[in-house]
Amino acid sequence: MRLNFKIGAIVKFELYGFGEPVYKVGKVTNVTPGEVTILPQLKVYRKNENSSFEKLDLFCTADDDCAVHIRRKLISSWSYVKAIDCAIEKSISEGTDVRRNWMDLPNPKRFGDYTFNEYDQRTGFCKGNGFSCFEIEEA
């Protein structure tokens, strides 16, 4: 399968080999003939200016800590994804200033320590700005 996206794009991959659909969402950091490397994304909740409640940022996600390596032979399809996609399960919050599932981490990051990814306000997608992966053929 040709992967017609750029490095830095936020992509949802559907994987073969499972009884029900399995999706992996992340920012593409590397593509080789054998695998795709992504950084899983976290939904971002920011303080609301007019109240004490936090609001989901519809055009931003943050990079999670660990990379995921996906064998290209397992990819059945891919698509660009919006920041509010339900396949993005974890989140961070500006209000608490630590990751919501902080018990999973030995040293929780502060909100400002994350790398944030902005999505196009018109289309809702983050299509990346690196080199195109179209020419990298699958092994």
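Quick check on region 32-44: of everything there that is more than 13 Å from Val68 (Cβ to Cβ) and in contact (Cβ under 8 Å) with a residue 60 or more places away in the chain, which residue is nearest to the chain's Cα centre (by Cα)?
Looking at the filtered set, the residue picked out is Leu42.
Specify the residue that is farthest from the chain's Cα centre (by Cα); the eligible residues are those in region 78-94 that are buried (at least 17 other Cβ atoms within 10 Å of the Cβ) and more than 19 Å from Arg46 (Cβ to Cβ).
Within region 78-94, the match that is farthest from the chain's Cα centre (by Cα) is Trp78.
Which residues, taken from region 32-52, are surrounded by fewer than 19 Cβ atoms within 10 Å (Cβ to Cβ), more than 30 Å from Lys73 (Cα to Cα) and of a type outside the set (Gly, Ala, Ser)?
Within region 32-52, Arg46, Lys47, Asn48, Glu49, Asn50 qualify.
Just name the residue that is surrounded by the fewest Cβ atoms within 10 Å (Cβ to Cβ) out of those in region 12-21 that are among the aromatic types (Phe, Trp, Tyr) and within 10 Å of Ile75 (Cα to Cα).
Looking at the filtered set, the residue picked out is Tyr16.
Could you please let me know if Thr29 is within 28 Å of Glu135 (Cα to Cα), modelled with pLDDT of 95 or more and surrounded by fewer than 18 Cβ atoms within 10 Å (Cβ to Cβ)?
So Thr29 passes the test.
Kindly provide the set of residues from region 64-99 that are touching a Pro at 6+ places or on another chain (Cβ under 8 Å) and part of a strand (DSSP E or B), ordered by number.
Val68, Val98, Arg99
One line per residue, one yes/no per condition, for (1) closer than 20 Å to Glu135 by Cβ; (2) buried (at least 20 other Cβ atoms within 10 Å of the Cβ); (3) not basic (Lys, Arg):
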residue: Ile10; (1), (2), (3): no, yes, yes
residue: Tyr23; (1), (2), (3): no, no, yes
residue: Ile70; (1), (2), (3): yes, no, yes
residue: Ser76; (1), (2), (3): no, no, yes
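Filter region 53-68 for residues that are within 30 Å of Met1 (Cβ to Cβ), of a type outside the set (Val, Ile, Thr) and surrounded by 14 or more Cβ atoms within 10 Å (Cβ to Cβ) and give the result.
Across region 53-68, the qualifying residues are Phe59, Cys60, Ala62, Asp63, Asp64, Ala67.
The values are calculated or read from the model by the stated rules, or taken from the named source; none is laboratory data. Remember, predicted model here, so these are calculated numbers, not experimental data. Please note: Cβ atoms are built from the backbone with ideal geometry, for glycine as well, and neighbour counts cover all protein chains shown.
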